[in-house]
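The values are calculated or read from the model by the stated rules, or taken from the named source; none is laboratory data. Since this is a predicted model, take the numbers as computed values, not measurements. Every residue, glycine as well, gets a Cβ built from its backbone with ideal geometry; the counts of neighbours run over all protein chains shown. Accessible surface is based on the protein model in full, side chains and every heavy atom, while ligands, DNA and RNA are left aside. Shrake-Rupley method; radii C 1.70, N 1.55, O 1.52, S 1.80 Å.
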Amino acid sequence: MTTDTTTTGAPAEPSGDPDALPYRYNAALAAEIERRWQDLWEERGTFHTPNPAGPWATPEAIKGEKVYLLDMFPYPSGKGLHVGHPLGFIGTDVLGRYLRMTGHNVLHAMGFDAFGLPAEQFAVQTGAHPRKTTEDNIRRYKAQLRQLGLAHDPRRSVATTDVEFYRWTQWIFLKIFESWYDEEQQKARPISELVEEFAQGKRRTPDGRGWCELTTAEQRKVIDSYRLAYVSEAPVNWCPGLGTVLANEEVTADGRSERGNFPVFRRNLKQWMIRITAYADRLIDDLDRVDWPESVKAMQRNWIGRSEGAQVRFPTTTNTGERVDIEVFTTRPDTLFGATYMVLAPEHPLASQLPPAEWPEGTDERWTGGAATPAEAVTAYQRATSRKSELDRQENREKTGVFTGAYATNPVNGKKIPVFIADYVLMGYGTGAIMAVPAQDQRDWDFAAVFGLPVVRTVDPGEDWDGEAFTGDGPAINSANDEISLNGLNVADAKRTIIDWLEEKGYGKSVVQYKLRDWLFSRQRYWGEPFPIIWDEDGPLPVPEDQLPVELPEIADYSPKTFDPEDADSEPEPPLSRAKDWVRVDDKHWRETNTMPQWAGSCWYYLRYLDPENDERFVDPEVERYWMGPDPNKPGDPGGVDLYVGGVEHAVLHLLYARMWQKVLYDLGEVSAEEPFRKLFNQGYIQAYAYTDERGVYVPAEEVVQNPDGGFTWNGKPVNREYGKMGKSLNNVVTPDEMCERYGADTFRLYEMSTGPLEASRPWSTQDVVGSQRFLQRVWRNIIDERTGELRVTDEAPDDDTMRLLHRTIAGVREDFEALRYNTAAAKLIEYNNHLTKTYGKVGVPRAAAEPLVLMMAPLTPHIAEELWQRLGHEESLAYGPFPEADERWLTVDTVEYPIQVNGKVRSRMTVPADADNAALEAAALADPKVVELLAGRTPKKVIVVPGRLVNVVG
RNA sequence: GUCCGAGUGGCGGAAUGGCAGACGCGCUAGCUUGAGGUGCUAGUCCCCGUUAUAGGGGGUGGGGGUUCAAGUCCCCCCUCGGACACCA
């Protein structure tokens, strides 16, 4: 081997410069060791994972229980990695290495989510093809990740932009396109089965004609309306600044694009949608079957927003004398008797049909908005609302609205109640109309207060209630008519009773509402998967499977046409539409020119890792069942990846979309797992301090020093400290490359894992990294002579204290690794090594004490462990074990030190035989001189003996 | 506003209801070195006390409670972070 080039050769005399020692573990030696082992692992295919079937079938190589570990795959940005990015990757790697050493068949791979806007924008600016930029970036990412020593199966790396990958993305899309959701069976079924049902008359056509009476075009229209992927002309989020439409999830609460922060307008445009709403119930219900953080489950439940309630019709009359019903959705039908007015969203279709010519006699002045007629008031209010941005509408929560001049009839008591329009009712939820019950809804209460509307309490809030709207449970009051009385019933019973009555009378019905909308699936971009769809004049047609993939055409200009960000009336124009020859299939057929959103590839990449070279199927069914199938030993187990690690920022979007795709594939019998991710773990983030000078300019964080008084200065000038992200613009980026160069990958890995539990966010602190390196140096020094490079271990047997500590350490470290508590595992290894240094530092560590340490370090610091293992004389890599096992014999001890508490405070200690029974412990404690002194002759009231813990004397 | 998380030394963080502060950084002292640094050894929660030992008291955001015993369990409040946000 070679180490420090300056000092190879004769052992140097001990000097003041420890780095001059030729065999000292320092950054240079680490670099050499790390590179060598990384090459060896690659050459030997150490981390190639066997499959039971498919193109890579080597069932004979499979040993032990399978474990599928997965990281949320990265987008390969041009900026490269900073030290925060690999935190989770290292975390899964440590677990994977530990599991491999303990006899598991571990699948762990890394790919790239490589479609997306930045490469396209870079292409627009520079003319470089997005594929070139993307592939360059992927290469750089791979190099950066490789130097960290991650034990991925390199053969399984995929990128969503690989033609062979997106061929299957398109194939899955076709499956979705060729399916419909059978509400009765609660599952997706092939569209051919729907056609059969129509043809056999089992299912009625929308207008009641027989299936055969419909023209082919009409039949197609009917069928298309059932598909899980469909085109609809519907209000969508049009973002002129980006030149594309966006999914609801990509629009911020203040009506702007998540990327770029451009204004977003609601426009009716023809776009592809995926019928995720069909899965709303299963997406909520199956959350109970997965092992995910409660917070993420809560976010998904919240996003899907299931609420059970009733739809109720309130009859009224339009200004042309037509009798119509205002349909409302309410979750509180039990409060119907307290509905004292109604509100329509300003955009509600009835809003302009209701106003009569004149204000009714005696209309309250506050209700008219100062307008001469109801129609004028409504029009003016509608106009004012449409001018308000989403943000204004949300920030300004004072209740506004106008009376439409019309009254509707409350079906439970026949009372005429006024109908308003107000912007606190949203057209996008429920029916866009509400019954207002000020007594039990604070928003209605606030509105009623402004407009002087009556309040009728229908739930008794109790005597000492002095609040406004009461939303709690209580007995119903004031809620009876000639036929029915809810009085005295609690909320739940009252709901049931009134819904039965409404259904019986035909006034309403029980319904379930969701906040979740269908998923807008098309984008006007170049760098995405083309749809495997061609059009004729009657609609979309699937590209036959054997003609996949539909490859992205080459075009001159990659940019979507963007517009003035404020130009709401502009029309999207996808870049693919410019590839005229590609678009035109023949005289009657042309290609779909939208592309899929970036989420598409991440909806199924975890399936492709399983069988990346299969060109017959997206994954071999047996391979899928092996790695992801439900565990028959766990009833209700939905299957899925065994551990999925990533940031919480994907709580809703990616995780919801992927779950839906998985369920479609499951329904169609293509996969055996009902859920993609059986267990989810949210890693924390590495954050960093940033510093600004008095001008507010970010100064290099690396060069800032802390003063004794606690302040911070840069070049002697005081600076302000902020805490948050790491970023180029904040001048505080630290890269893994720098850390590998200054300390080595093992030190870097160990540092990241020791600074806290994996789920915790924590600040980056370069100065602390040295602690991890010192530990590795001390281990190295205990085994290798720093001057000669010779082994220092002895063949002596370790003493009993060392054996006991060793086996306690083994037991503890195993537990910690399994629970992803790498910080405490590292602490135990440090303690053990400190013990070895203290006990054997001068004479050499017994081999039997050193080898287990090396093995236990391997998951955390694999390179130095492999190196030491080899130097200790082992020819086989330790990647597959053996991991030390704790011996019960050394976990028991002869004597134990017990703390003795008096009244809950530790006052003394005693050492007693480990097998002492409670009576003996009590006697020994009471005989303790300190206890005798404190009791001063009194008899203790009680003595608590906790075996193995302590004795508490209560006096 | 609603729903989640979290508050422990100068800092990152440890502690199946049972000895608070493991381990690391930093700091202090000593050693080594011509010197410095990523070297070595020891110390390092706060207060009182002692020449030094020995002692004694307090302490996990604040207040209450359960318990022989609470950082840990329960109730109320405060602060910070995140998600959602007029969803009827």
Residues in region A:226-247: is at least one part of a helix (DSSP H, G or I) and either open to solvent by less than 60 Å² (accessible area, probe 1.4 Å) or in contact with a Ser or Thr (Cβ under 8 Å, 6 or more places away or on another chain) (or both)? no
Being away from RNA strand B (no atom under 15 Å from the Cβ), in a loop (DSSP other than H, G, I, E, B), of a type in the set (D, E, K, R) and open to solvent by 60 Å² or more (accessible area, probe 1.4 Å) is the filter here; which residues of region A:761-813 pass it? A:Glu790, A:Asp795, A:Glu796
Only residues that are of a type in the set (S, T, N, Q) and open to solvent by less than 60 Å² (accessible area, probe 1.4 Å): list them for region A:622-663, please. A:Gln662
Could you pull out the residue among A:Asp285, A:Asp281 that is closer than 25 Å to A:Leu655 by Cα, open to solvent by 40 Å² or more (accessible area, probe 1.4 Å) and over 18 Å from the mean Cα position of the chain (by Cα)? A:Asp281
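Just give me the residues in region A:566-616 being part of a strand (DSSP E or B) and buried (at least 18 other Cβ atoms within 10 Å of the Cβ), in sequence order. Show your work before the answer.
First, pick out the residues of region A:566-616 that are part of a strand (DSSP E or B): A:584-586, A:589-591, A:595.
Listed by number, the residues that qualify are A:Arg591, A:Thr595.
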Does at least one position in region A:256-266 carry a residue that is within 30 Å of A:Pro635 (Cα to Cα) and open to solvent by 30 Å² or more (accessible area, probe 1.4 Å)? no
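Okay, residues lined up against (1) in the same structural domain as A:Asp93 (by TED's automatic domain parsing); (2) aromatic (Phe, Trp, Tyr); (3) within 16 Å of RNA strand B (Cβ to nearest atom):
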| position | (1), (2), (3) |
| --- | --- |
| A:Tyr626 | yes, yes, no |
| A:Leu643 | yes, no, no |
| A:Leu665 | yes, no, no |
| A:Pro676 | yes, no, no |
| A:Glu694 | no, no, no |
Segments classed as helices (runs of 4 or more DSSP H), wholly inside region A:838-943, with at least 3 members that are open to solvent by less than 50 Å² (accessible area, probe 1.4 Å): A:847-857, A:862-871, A:918-927
Looking for something within 27 Å of the chain's Cα centre (by Cα), more than 22 Å from A:Val705 (Cα to Cα), touching a residue at least 24 places away in the same chain (Cβ under 8 Å) and within 11 Å of RNA strand B (Cβ to nearest atom) - is there at least one such residue anywhere in region A:744-751? yes
Options A:Thr385, A:Thr368, A:Thr363, A:Thr379; residue that is within 13 Å of RNA strand B (Cβ to nearest atom), surrounded by fewer than 20 Cβ atoms within 10 Å (Cβ to Cβ), touching a residue at least 24 places away in the same chain (Cβ under 8 Å) and of a type in the set (Ser, Thr, Tyr): A:Thr385
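The rows are residues; the columns are (1) away from RNA strand B (no atom under 12 Å from the Cβ); (2) crowded, with 18+ Cβ neighbours inside 10 Å; (3) small (Gly, Ala, Ser); (4) within 17 Å of A:Asp325 (Cβ to Cβ).
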| position | (1), (2), (3), (4) |
| --- | --- |
| A:Lys399 | no, yes, no, no |
| A:Ala408 | yes, yes, yes, yes |
| A:Gly428 | no, no, yes, no |
| A:Ile434 | no, yes, no, yes |
| A:Pro438 | no, yes, no, no |
| A:Phe447 | no, yes, no, no |
Identify, please: which residue in region A:539-580 is touching a residue at least 60 places away in the same chain (Cβ under 8 Å) and of a type in the set (Gly, Ala, Ser) and is, among those, nearest to A:Thr160 (Cα to Cα)? A:Ser559
Anything in region A:349-385 that is at pLDDT 85 or above and among the aliphatic types (A, V, I, L, M)? List them, or say none. A:Leu350, A:Ala351, A:Leu354, A:Ala357, A:Ala371, A:Ala372, A:Ala375, A:Ala377, A:Val378, A:Ala380
A:Gln125, sole failed condition from (1) touching a residue at least 60 places away in the same chain (Cβ under 8 Å); (2) open to solvent by 10 Å² or more (accessible area, probe 1.4 Å): (1)
Residue in region A:837-847 that is modelled with the highest pLDDT, counting only those that are out of contact with any strand residue (DSSP E or B) (no Cβ under 9 Å at 6 or more places or on another chain) and more than 8 Å from RNA strand B (Cβ to nearest atom): A:Thr839
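Kindly indicate which of A:Leu829, A:Leu855, A:Leu878 is modelled with pLDDT of 95 or more and within 16 Å of RNA strand B (Cβ to nearest atom). Can you show your working first?
Numbers: A:Leu855 fails: within 16 Å of RNA strand B (Cβ to nearest atom); A:Leu878 fails: within 16 Å of RNA strand B (Cβ to nearest atom).
None of the others qualify; the one that does is A:Leu829.
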Mind checking which residues of region A:451-475 are out of contact with any Ser or Thr (no Cβ under 6 Å at 6 or more places or on another chain), closer than 18 Å to A:Ala339 by Cα and not β-branched (Val, Ile, Thr)? A:Phe451, A:Gly452, A:Arg457, A:Asp460, A:Pro461, A:Glu468, A:Ala469, A:Phe470, A:Gly472, A:Asp473, A:Gly474, A:Pro475
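Quick grid of which residues meet (1) touching a strand residue (DSSP E or B) at 6+ places or on another chain (Cβ under 9 Å); (2) open to solvent by 40 Å² or more (accessible area, probe 1.4 Å):
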position	(1), (2)
A:Ser522	yes, no
A:Gly539	yes, no
A:Glu545	no, yes
A:Leu548	no, no
A:Pro553	yes, no
With respect to the numbered conditions (1) over 22 Å from A:Gln767 (Cα atoms); (2) at pLDDT below 90, which one is the sole condition not fulfilled by A:Asn682? (2)
Of A:Gly711, A:Gly789, the only residue that is in contact with a strand residue (DSSP E or B) (Cβ under 7 Å, 6 or more places away or on another chain) and farther than 27 Å from A:Arg146 by Cα is A:Gly711
Quick one: is A:Val734 in contact with a helix residue (DSSP H, G or I) (Cβ under 7 Å, 6 or more places away or on another chain) and either assigned to a helix (DSSP H, G or I) or surrounded by 16 or more Cβ atoms within 10 Å (Cβ to Cβ) (or both)? yes
Checked against (1) in a strand (DSSP E or B); (2) open to solvent by less than 40 Å² (accessible area, probe 1.4 Å), A:Val619 satisfies every condition except (1)
